Amino acid sequence: MLIILGSRTVLMQVRKLQATAGGTFLVTLPKDWVEKLKLKKGDLVETEFDEGSLVITPANLPYTAESRSLDIDELKDKRFLGLSITASYIQGHDVTKIFSSSGKMQPHHKQWVREALEGLMGVEVSEDYANHVVLLNLIDPTKFNLRERLEKLSGAALAVLRDAILALEKSDNTLARDAYYRGNESARLYRLIMRLAFQAARNRKLREEMAIPDISTVIVMTIATRELGRIAYYAMWIGQHVAELTVKPEQNFISLIQRMTRVTADMQVQALKALLSRDLVSANSVFQKMPQVRQLYQSGFTLPTKYPEGDAYHLTLILRDLRAIAGYAVALADDAVLGMFVE
């Protein structure tokens with residue numbers, strides 16, 4: 001039986017279980033599978049009972065690099081090409097080949113490729129020819145700890161948010177733009193974490209090396225990474241909105257934003273603590289703070305209307321983005337509760 005799972009092809013066969021005289025059991029393996037793995041009589045295999053499945057793995061299975069090819073002639077849109085390269089990266093491919101089925105890549109195609117690489121960590125152009133470009137990922141996933149990467153992403157997002165709000169208080173456009181650009185760097189870290197999670201989900205040995213107990217934990221951490229990625233995204237845009245202001249807001253608006261920021265930042269910290277420490281009390285504290293954020297949002301929603309249209313627009317978006325961060329902190333706390341009950 002042949003099963004297609006995304007970019008993966010899975011072979012499946014039904015085999016009859018045989019009994020030995022000593023009371024143990026054995027099952028034969030298809031010859032072509034054994035040959036494909038370059039195994040021979042006497043080689044060692046690992047057997048594992050994993051969540052209701054019997055898993056047989058070669059004891060010394062070498063790492064096999066995964067690759068993907070993209071036809072530039074089918075991806076003529078710059079944004080679509082960038083998304084495709086990013087998807088290949090996140091899915092864990094070590095090599096991505098961009099080629100032209102018509103025989104020649106245009107100069108602007110190669111420029112699009114290089115611009116896409118700016119958003120990815122650890123990728124370089126290893127081959128550059130007239131009709132194709134090969135991208136090589138240099139990151140060793142075993143050198144990373146998912147928990148530590150999540151803490152770093154959360155810390156980076158908090159730093160961006162706090163500097164963006166400080167820029168609002170001081171009317172400092174330079175600091176605001178710096179916060180925005182650092183937010184872009186957080187996006188690169190987010191994509192790296194998603195890549196590590198995808199790789200861990202697909203490789204049991206890699207999970208062991210990364211100290212991840214099971215596939216369920218990977219799933220929860222992948223969902224949590226998504227929430228933190230959205231938090232980092234909105235923190236970045238608060239910096240951009242502050243940088244676009246032409247007048248300094250009145251103190252009543254700034255005070256309200258400061259209060260919202262303190263509550264929202266604490267929600268994010270407590271949600272991450274709940275996730276990493278399996279702390280139900282911390283998760284519950286996040287849920288209890290959300291009504292306070294809604295109240296502050298409602299009380300401040302009309303304040304921007306007194307400003308010029310452009311400034312009113314950006315001030316409104318600052319309020320909205322802070323509320324969005326709080327919402328994703330609640331989602332992160334939800335993920336933490338889910339992780340507590342995963343067996």
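Brief remarks on what is shown
- Positive-end residue of Val34, Leu120, Met267, charge dipole of the chain with Cβ unit charges: Val34
- Only Lys, Arg, Asp and Glu carry charge here, each on its Cβ (+1 for the first two, -1 for the last two); on that basis region 158-226 has a dipole of about 340 debye about its Cα centre.
- Basic side chains Lys and Arg get +1 at the Cβ, acidic Asp and Glu get -1 at the Cβ, and with that the dipole of region 105-234 about its Cα centre reaches some 320 debye.
- Greater than 20 Å apart at Cα, pairs in Lys152/Lys273; Lys76/Lys104; Lys16/Lys38; Lys97/Lys205; Lys170/Lys273: Lys16/Lys38; Lys97/Lys205; Lys170/Lys273
- Protein-only accessible surface order, largest first, of Leu26, Leu317, Leu54, Leu150 at 1.4 Å: Leu54, Leu26, Leu317, Leu150
- Glu244 sits among other residues whose Cβ lies under 10 Å from its own Cβ, and their net charge, with Lys and Arg +1 and Asp and Glu -1, is 0.
- D (Stokes-Einstein, µm²/s), Kirkwood Cα radius, region 255-343, 1.306 mPa s at 10 °C: 116
- Residue-count net charge about Leu136 - beta-carbon cut-off 15 Å; Lys, Arg +1, Asp, Glu -1: -2
- With the simple model of a label 7 Å out from the Cα in the direction of the Cβ, Asp266 to Ala21 spans 7.4 nm.
- For Lys143, the aspartates and glutamates whose Cα falls under 13 Å of its own Cα, not counting residues fewer than eight places away in the same chain, are Glu208, Glu209.
- Prolate/oblate/rounded label for region 123-184 (Cα gyration tensor, a/c 1.5): oblate
- Carbon plus sulfur fraction of accessible area for the chain, probe 1.4 Å, in percent: 54
- Measuring with a 1.4 angstrom probe and ignoring ligands and nucleic acids, Lys289 comes out at about 50 Å² accessible.
- Angle between the chain longest axis and helix 173-202 axis [Cα atoms, degrees, rounded to 10]: 20
- Extending 7 Å from Cα along the Cβ direction at Glu309 and again at Asn284 yields two label points whose distance is 5.1 nm.
- Computed log₁₀ I(q)/I(0) - Debye formula, equal Cα scatterers, no solvent, region 279-324, q 0.19, 0.20, 0.28, 0.33 Å⁻¹: -0.62, -0.66, -0.95, -1.10
- Largest accessible area first, the residues Glu309, Glu244 order themselves as Glu309, Glu244 under a 1.4 Å probe with ligands, DNA and RNA left out.
- Kirkwood-type radius of region 237-302, with distances r between different C-alpha atoms, in Å: 13.4
- Inter-part distance where region 160-216 and region 94-117 are each reduced to a Cα centre, Å: 27
- Helix-only mean residue ellipticity at 222 nm for the chain, each DSSP H run of n ≥ 4 adding -39500 (n - 2.57), per residue, nearest 500: -20000 deg cm²/dmol
- Charges were assigned to the Cβ only: +1 to each Lys and Arg, -1 to each Asp and Glu. The resulting dipole of the chain about its Cα centre is roughly 260 debye.
- Using a probe of 1.4 Å, the accessible surface attributed to Thr47 totals some 110 Å² when neighbouring protein chains are kept in position.
- Expressed as a fraction of 2.2 N^0.38 Å, the value expected for a compact globular protein of N residues, the C-alpha radius of gyration of region 22-143 is 1.49.
- Legend: P(r) of the chain from all alpha carbon pair distances, 10 Å bins from 0, whole percents, reading 5, 20, 23, 23, 17, 8, 3, 1, 0.
- Highest-fluctuation residue, Val293, Val269, Val45 considered, GNM on the chain with Cα pairs under 10 Å: Val45
- Using a probe of 1.4 angstrom and keeping all protein chains present, the accessible surface of region 245-343 works out to 48 square angstrom per residue.
- For Asp140, solvent-accessible area (1.4 Å; no DNA, RNA or ligand), Å²: 60
- Most mobile listed residue (Gly22, Gly327, Gly92) in the chain, GNM with C-alpha springs under 10 Å: Gly22
- Solvent-accessible area per residue in region 106-170 equals 49 Å², computed with a 1.4 angstrom probe and all protein chains kept.
- Accessible heavy-atom area order of Thr24, Thr261, Thr246, highest first, probe of 1.4 Å: Thr246, Thr24, Thr261
- Shape call, region 162-299: gyration tensor on alpha carbons, a/c limit 1.5: oblate
- Segment Ile215..Gln106, full-extension length gain: 35.0 nm, with 0.36 nm per residue of separation and the alpha-carbon distance subtracted.
The values are calculated or read from the model by the stated rules, or taken from the named source; none is laboratory data. Everything numeric in this text was worked out from a predicted model, so none of it was measured. We place every Cβ from the backbone using ideal geometry, glycine too, and count neighbours over all the protein chains shown. In case anyone asks, the SASA skips ligands and DNA or RNA and just uses the protein heavy atoms, side chains included. Shrake-Rupley method; radii C 1.70, N 1.55, O 1.52, S 1.80 Å.
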